[in-house]
Each structure stands twice: as structure tokens, then as C-alpha cells.
1. Could you please find all residues in the range 204-248 being touching a strand residue (DSSP E or B) at 6+ places or on another chain (Cβ under 9 Å) and under 22 Å from A187 (Cβ atoms)?
2. Cβ-Cβ distance below 8 Å, separation of 6 or more or different chains: which pairs start in the range 151-167 with a residue that is basic (K, R) and end on one that is at pLDDT 95 or above and outside any loop (DSSP other than H, G, I, E, B)?
3. Of these, D249, D183, D158, D242, which one is on the phi > 0 side of the Ramachandran plot and surrounded by fewer than 16 Cβ atoms within 10 Å (Cβ to Cβ)?
4. Against the definition (touching a His at 6+ places or on another chain (Cβ under 9 Å), modelled with pLDDT of 95 or more and polar (S, T, N, Q)), how does T95 come out, yes or no?
5. For the range 222-241, enumerate the residues that are in contact with a helix residue (DSSP H, G or I) (Cβ under 9 Å, 6 or more places away or on another chain), modelled with pLDDT under 85 and not in a helix (DSSP H, G or I).
6. Of everything in the range 65-93, what is among the small types (G, A, S) and part of a loop (DSSP other than H, G, I, E, B)? Give them in sequence order.
7. Whether any residue in the range 222-231 is surrounded by fewer than 21 Cβ atoms within 10 Å (Cβ to Cβ) and on the phi < 0 side of the Ramachandran plot is what I want to check.
8. For the range 168-182, what are the residues that are touching a residue at least 60 places away in the same chain (Cβ under 8 Å) and among the charged types (D, E, K, R)?
Amino acid sequence: MKVPDKLASSVRARWPDRADAWLTSIGPELDELTRQHSATPQRVLPARYAFVVSATSPRGPLIFRASPDPAALDQATVAEALGRLDIGPKVHLTTSTDTGSWTVTEQVIPGTPLADADPATLDIEALAQPLRAMAGQPAPSPDLPLITDWLRDRLTDDNLTELPVGEQVAPKAERAHALELLDDLAADMRPGLCHGDASPWNVLAGPTDQWKLIDPRGMQGEPEYDAAVMAYKLPTIFSIPDAEIEVLDACQLNANRIAAWAVVACAARV
């Protein structure tokens, strides 16, 4: 299982001090983990900052995911909580190494990303179900960072480099308005379970019209933020009239907070 050149370049650019050691360790660590799980690797899946391999095993299809991200264990903590609610894949193992961390999870089947879904068959009620399920759920750990702090850092960074393809840093006036809204949101937010990155590539089609959330950001916040991210990114993927409005109605969350979060997320170029 070869590490894609594009992934290696991305990791070296983001974590130059740990990239080479991590890249060197992947092969033997994957061999050991697949041996432990009696698994047979099938193929490397596309990912920006993680090495992700699908595999067959006696317990069913699995995903082996290696990450050099220092925040990977926080991400795994949130992933485990999503799995327990059955709105994310079940996590079988989380382990740290000298160079990074691994998770072993069930594979979502069929696993089609929302970004590649057929808009003619899209069930908005089913798409909103994971958002509803997070409502009122506590953060899986009080030690997780706050989504508000992460967003504030992005909004105050004039030289932000981690941007979606084709995007530029938002104008200062737009970011200043978003910071005011963020202060209001943070003042009465009760930190709880939050995916933190509900983009169309992190929402996968599961069995029986279910949708599963993968690759959480590893922070605590509120599901209204996730609803805002999903709703404002949907129109960039589908030309379905009022799709974002339908998602907002179906998720049954606080509409005013979702609207404010959407302004913040847009200005932060998440």
C-alpha cells in the first residue's frame, strides 16, 4: 500500500518536522495492525492529510486510518462518540505511535460521499438525521478544544493559508462582522457534541438510507454549527431549489443560531 505522492507533499507542507518519520513508519505499522485484525488491505482511499486504507476482515469491511496530526486523538474521541450514536462508523481501535496515531473503524457501505450523491434521490430528512441526533449530547471530553476558538483564530488571521480550493481570505469588514456574531454565539453556547466539519465529503451514504459522519474536527461546539456548514455548502454541490432551507427545517435545531453560524463559517472560509 503506497502512500500517494500528493498526500506525502501535503503532510510535509503542514507538519514538516514530523512528516518523514511518519511516512517511514506507515508500512510496518499497517502490517502489524492488519495482522492483529486478520485483515487484508484492498486499496488506498483519497484523503488530504491522512493515510486511509480499506480492508476485508472476518468482522467485515474495515478502514485503517493513520494520521500525523497532533489533534488526531481528539478527532478519534469525537469519532467514537458519533459511532456510539450510530451516526458515524463504529470505532474498533484507537492507538498512538511515536509518530502519529491510527484508528480502525467499520467501513461505511456503500460509502458514497454526499458530494457525489444523486440529487434526484436525495432524502433531506435522512440527511438531517445525524444533526438531530447530536442535539443535547454532551461533549465526549471536557478537554476538547472549542470550535469558537478555532474559528476566532481563522477570522483574525490576515495570512490564512489553509483555504478551500479557489477561496481567498475574507475581507476585514466581513471578518469583523463575523467576529461580532461569534462573540454573541460563544456567550451562550453550551459546549457539546459537534462534528466540526460537516462538508459534503465527510458525509457518507450508509445502509438503508442512513448517512454517516466521518473525519470530525475533534472539537466541542454545537450541532447548529454543523447544520450551518452543511446548509451553506450544499448549494455549491447541488442545484436543488431551496435544498439548504429544507435541511434547516429538517434538522429541527435553532434556526437563528444556524443563520449566525453560517455567516461565521463563510467568513472563516471553512
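1. Within the range 204-248, M219, Q220, G221, E222, P223, D226 meet the criteria.
2. R152/L179; R152/L182
3. The conditions single out D242.
4. Here the answer is no, as T95 does not meet what is asked.
5. F238, S239, I240
6. A71, G88
7. The answer is no; no qualifying residue exists.
8. E174, R175
The values are calculated or read from the model by the stated rules, or taken from the named source; none is laboratory data. Quick caveat: nothing in here was measured; it's all calculated off a predicted structure. Virtual Cβ from ideal backbone geometry, glycine too; neighbours counted across all protein chains shown.
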